[in-house]
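See structure below.
The values are calculated or read from the model by the stated rules, or taken from the named source; none is laboratory data. Everything quoted here is computed from the prediction, not taken from an experiment. Heads up, the Cβs are rebuilt from the backbone with ideal geometry, glycines too, and the neighbour counts pull from every protein chain shown. Accessible surface areas use protein heavy atoms only, side chains included; no ligands, DNA or RNA. Shrake-Rupley method; radii C 1.70, N 1.55, O 1.52, S 1.80 Å.
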Amino acid sequence: MALPVRPLLCFLAEISRRTRGPCLSLIVPARTYRLLPCLRKQSGPQYASMDSVIKAQQRSFKKGLLSTLDATLSPVTATEIRHYLRTNNISFHDGYSCIHVPSPFSLNPENCLFIDKTTGRFLCKDTLLEGSWQDYQDSLALILKEDYQYLSPDYMASLLGDSDSESVEEQMNDMEVRRIWDRAVWFSDLEEEDAQIIKTMFNISKIPNNTLKKFGVKCYFPTKSLVFSWNSPRDSSLKGLKLLSAECRDQCVHYIETTYPRPARYNNLFGLSVIGKKETEVVITSREVDSLAVHQATGVTTVALPRGITCLPPILLPYLEQFKRITLWLGDDLHSWEASKQFARKLNLKRCSLIRSGDKLPTPLQAFNEGLNLNKLLKTAFPANHKSIISFRQLREEVFGQLENVDQISGVKWARFPELNKLLKGHRKGELTVFTGPTGSGKTTFISEYALDLCIQGVNTLWGSFEINNIRLAKLMLTQFSLLRLEEQLDKYDEWADQFENLPLYFMTFHGQQNIKLVLDTMQHAVYMYDINHVIIDNLQFMMGQENLFSDKFAVQDYMVGAFRKFATEHNCHVTVVIHPRKEDDDKELQTSSIFGSAKASQEADNVLILQDRKLVTGPGKRHLQLAKNRFDGDVGIFALEFNKSSLTFSTGKNKAKLKKVNKDNEMQMDNPLEVTPKKSKK
């Protein structure tokens, strides 16, 4: 978006003004602290010189990576954290999700630093500093070495300037946030008729104006949108906004969310600003309007997650440490139910209770508008932590929910591969998919689009590309995403790159042969940090390495397949593993028995996909996708694919029989993969 010249000049002038000296009132971004911390002794604001600070550092602090998972980060356990704290005589309190220690960035003994038990990352709520476990250790080592009372990041605000592109982006974002917020009005300042029309659009007619103002909800009248503010927990300053707009499509009302900053950086826990320090119970919802409804009907403390049921960022866990009881009421469908169970594991199962999904228990806002007693509904929540299942009675409602919501159980549908939906029914969590195809057939290209299709629909995706580097993979996916040859239209690159950047897509930084334990640790870290639903391993042979394999390479592969199978089940995450086939004759189609290694890969897999390529025999472009195993409902079959070289995408063939189902569990032999009618067996 182009900015007017005069405001832009004023903006640049403001940056220059801020960089001339310390601005102690500004909140310092964590990445700036990690790059170069400045020190201050208890006796007064005596800052150490830059040279001494740099020399005192034992290593350089890293900037936070948004879309790549650094394979060099050493995992840390809660036991190791406790041992380190005891060894250094640091008092600590063992919380639900975090370990509480005195903050080394403040002299106030009441200011705590929260260390995540799973990742070791810390957050100081008093200064809003965050960093890794290694950052925390280095900070303490620096304090002991230089005999400082504490480390102060305040002076670093003066170093922020327009040379930092991310800082400029944040400053421009702040301008837009302030502009929208200033133009938005409180509902109490609107004409009664106008206020009622907008409330009706969002089904919040029963929410009074004083409750909306208490939670910082305004109306942006030009677009008839609700505006939810994100205020800093440190000083209540405005950090961001979420706009909720309504539009009518196909005779249905659709709600669209727009966040400032972009979704990956929008970590507002709506309702946090009105929570008292002594509150011990909270209800977590997936939407801001649901939180308003719960609070209005019951008066209980409520918060809403920033990105609904897609993600619970671990950076928010310290703000929920004070609560002894947490009730998760995220929605009325099975996707919300699965998210509730996943988030409860992050929050500590012992203190969490869940509201079941189903027609009998609608969303909080719907229940409020229907006049139901929300206090009674909250009492129906059951503990998330069950020691054992002793009877069918405890499973009865979940079984009914799966029978009642067959379409949701089948998983997320592909938009680009409708024929695959007819066979596989959808993409489901907790499954293992094995994908194979001849060398040079386009396995990586297809699986890239296959995963991108799901990612566009909100499936949080982690790529582990061991054969090609991430830059080449990202270029491929961006071309498939835009359906354009961007090298010929560079003026459109930024537009498409901005959209692509907002996808819930992450990459591992591995390449070539890797240790399976390190890969699994990284996958587990990604599931915890970003609530990953789909992991792609491309491919297993490159991960194992082409040289210096163990004498029994089949046993090694079996172990890896078993590890991925276990990971998918334990973390309720879909894992797709690409495996090269055995060497076969070019004129023969691949089968499940063609997968390299023993039969374990096909046995452990829930789904087996084969990209058949007979172009060497029948001419170019004769590819089709075969579903050779489907544990969900047993349907198997094939459909033809056509490759578009300009957009690097696959599509189902036109004017041809698109789909052929075969009622056979694992294997099928075909003379012509494009025939409509199954070939009759000879008696």
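Condition check ((1) touching a strand residue (DSSP E or B) at 6+ places or on another chain (Cβ under 8 Å); (2) in a strand (DSSP E or B)) across all residues:
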site	(1), (2)
Asp290	yes, no
Pro306	yes, no
Ile309	no, no
Ile315	yes, no
Pro318	yes, no
Thr327	yes, yes
Asp332	no, no
Ala339	no, no
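Hey, among Val283, Val294, which residue is open to solvent by less than 50 Å² (accessible area, probe 1.4 Å) and in contact with a Pro (Cβ under 7 Å, 6 or more places away or on another chain)?
Answer to the check: Val294.
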Legend entry - Failed item, numbered, when Thr436 is tested on (1) surrounded by fewer than 18 Cβ atoms within 10 Å (Cβ to Cβ); (2) within 20 Å of Phe596 (Cα to Cα): (1)
Inset, instruction - State yes or no: is Ser273 under 19 Å from Ile207 (Cα atoms), of a type outside the set (D, E, K, R), assigned to a helix (DSSP H, G or I) and modelled with pLDDT under 95? - result: yes
Inset, instruction - Kindly indicate whether any position in segment 301-310 is under 19 Å from Cys112 (Cβ atoms), open to solvent by less than 30 Å² (accessible area, probe 1.4 Å), modelled with pLDDT of 95 or more and among the aliphatic types (A, V, I, L, M). - result: no
Inset, instruction - Scan segment 445-495 for residues that are assigned to a helix (DSSP H, G or I) and among the β-branched types (Val, Ile, Thr) and jot them down. - result: Thr445, Ile447, Ile456, Ile471, Thr479
Inset, instruction - Considering every residue within segment 337-353, establish whether at least one is open to solvent by 20 Å² or more (accessible area, probe 1.4 Å) and either of a type in the set (A, V, I, L, M, F, W, C) or at pLDDT below 85 (or both). - result: yes
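Just checking, which of Glu130, Glu110 is under 24 Å from Arg234 (Cβ atoms) and touching a residue at least 40 places away in the same chain (Cβ under 8 Å)?
Working: Glu110 fails: touching a residue at least 40 places away in the same chain (Cβ under 8 Å).
None of the others qualify; the one that does is Glu130.
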Legend entry - Output for segment 211-241, where each listed residue is within 18 Å of Leu128 (Cβ to Cβ), basic (Lys, Arg) and modelled with pLDDT of 90 or more: Lys239
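When only residues in segment 417-433 that are in contact (Cβ under 8 Å) with a residue 40 or more places away in the chain and part of a helix (DSSP H, G or I) count, which is farthest from Gly597 (Cα to Cα)? Full working, then the answer.
To start, the set of residues in segment 417-433 that are in contact (Cβ under 8 Å) with a residue 40 or more places away in the chain comprises 417-420, 422-425, 427-433.
Retained after the next criterion (residues that are part of a helix (DSSP H, G or I)): 418-420, 422-424.
Values: Pro418: 31, Glu419: 29, Leu420: 26, Lys422: 30, Leu423: 26, Leu424: 25 Å.
Filtering first and then ranking leaves Pro418.
Take the residues in segment 248-266 that are part of a strand (DSSP E or B) and at pLDDT 90 or above, then tell me which one is least open to solvent (accessible area, probe 1.4 Å).
Here is the first cut: in segment 248-266, the residues part of a strand (DSSP E or B) are 248-249, 252-260.
Now narrow it down to the ones that are at pLDDT 90 or above: 255-260.
Details: Tyr255: 93, Ile256: 66, Glu257: 97, Thr258: 56, Thr259: 25, Tyr260: 54 Å².
Filtering segment 248-266 for residues that are part of a strand (DSSP E or B) and at pLDDT 90 or above, the one least open to solvent (accessible area, probe 1.4 Å) comes out as Thr259.
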Inset, instruction - Any chance you could count how many residues in segment 512-525 are touching a residue at least 12 places away in the same chain (Cβ under 8 Å) and either more than 17 Å from Asn469 (Cβ to Cβ) or not polar (S, T, N, Q) (or both)? - result: 9
Inset, instruction - Please find, among Ser245, Ser205, Ser229, the residue that is closer than 27 Å to Val294 by Cβ and either outside any strand (DSSP E or B) or open to solvent by 40 Å² or more (accessible area, probe 1.4 Å) (or both). - result: Ser205
Inset, instruction - From (1) in a loop (DSSP other than H, G, I, E, B); (2) under 21 Å from Ser291 (Cβ atoms); (3) of a type outside the set (Phe, Trp, Tyr); (4) touching a Ser or Thr at 6+ places or on another chain (Cβ under 8 Å), pick out the condition that doesn't hold for Lys218. - result: (1)
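Which is modelled with pLDDT of 85 or more, of a type in the set (A, V, I, L, M), open to solvent by less than 60 Å² (accessible area, probe 1.4 Å) and in contact with a Pro (Cβ under 7 Å, 6 or more places away or on another chain), of Leu129, Leu85, Leu151, Leu140? Before you say what the answer is, go through the steps one by one.
Values: Leu129 fails: modelled with pLDDT of 85 or more; Leu85 fails: in contact with a Pro (Cβ under 7 Å, 6 or more places away or on another chain); Leu151 fails: modelled with pLDDT of 85 or more.
Step by step, each of Leu129, Leu85, Leu151, Leu140 is checked, and only Leu140 is modelled with pLDDT of 85 or more, of a type in the set (A, V, I, L, M), open to solvent by less than 60 Å² (accessible area, probe 1.4 Å) and in contact with a Pro (Cβ under 7 Å, 6 or more places away or on another chain).
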Inset, instruction - Kindly indicate whether any position in segment 496-511 is more than 29 Å from Gln342 (Cβ to Cβ), outside any helix (DSSP H, G or I), of a type outside the set (Asp, Glu) and touching a residue at least 40 places away in the same chain (Cβ under 8 Å). - result: yes
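Suppose the filter is surrounded by fewer than 17 Cβ atoms within 10 Å (Cβ to Cβ), over 30 Å from Glu321 (Cα atoms) and in contact (Cβ under 8 Å) with a residue 12 or more places away in the chain; does Lys213 pass it?
Values: surrounded by fewer than 17 Cβ atoms within 10 Å (Cβ to Cβ): yes; over 30 Å from Glu321 (Cα atoms): no; in contact (Cβ under 8 Å) with a residue 12 or more places away in the chain: yes.
Taking the combined requirement at face value, the residue does not satisfy it.
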Inset, instruction - Can you work out which of the residues in segment 105-126 that are modelled with pLDDT under 85 and polar (S, T, N, Q) is most open to solvent (accessible area, probe 1.4 Å)? - result: Asn108
